[in-house]
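Structure first, commentary second.
The values are calculated or read from the model by the stated rules, or taken from the named source; none is laboratory data. Just so we're clear, the structure is a prediction, and the values are computed from it rather than from any experiment. Neighbour counts run over all protein chains shown; Cβ positions are idealised from the backbone, glycine included. Note: areas computed on protein heavy atoms with side chains; ligands, DNA, RNA excluded. Shrake-Rupley method; radii C 1.70, N 1.55, O 1.52, S 1.80 Å.
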Amino acid sequence: MPTPMLLLDEPEGGVPNTSLENLAQEILGLKPKTVIVLVTHNIAFAERVCDTALFLEDGRNVLQAERHEFFRSPVHPRVKEFLKWGG
C-alpha cells in the first residue's frame, strides 16, 4: 500500500499565532506515517516542521537540503538572501 501524501498550501495563513504550535504539533504527528508537502513563505514555521526544504524560483529547484543545512548554512546566495529577508 502506498504511503499517504498530504499537500498543505500555506496552512498557517490566517491561523492566530497562539494556535501555530497546535498546527505544528498536528503536522509533526502525521510525519511518521504520511509524506507531507508544505508550501509556505513562513520561514519560522517551515523550519519548525520540515525535515527537508526545497527552494524554488521561477519553477526551478535552486536548493534542496536537510533542515539544518537549508536554514543554518545554505550554500546558494539566493537562498541566503531569502532567509535574511525572512521570506
Residue tally, condition under 26 Å from residue 31 (Cα atoms), open to solvent by 90 Å² or more (accessible area, probe 1.4 Å) and of a type in the set (D, E, K, R), over region 42-87: 3
Total residues in region 1-27, condition surrounded by 13 or more Cβ atoms within 10 Å (Cβ to Cβ) and within 18 Å of residue 47 (Cβ to Cβ): 9
Single unsatisfied condition, residue 61 versus (1) free of Cβ contacts under 8 Å to residues at least 12 places away in the same chain; (2) in a helix (DSSP H, G or I): (2)
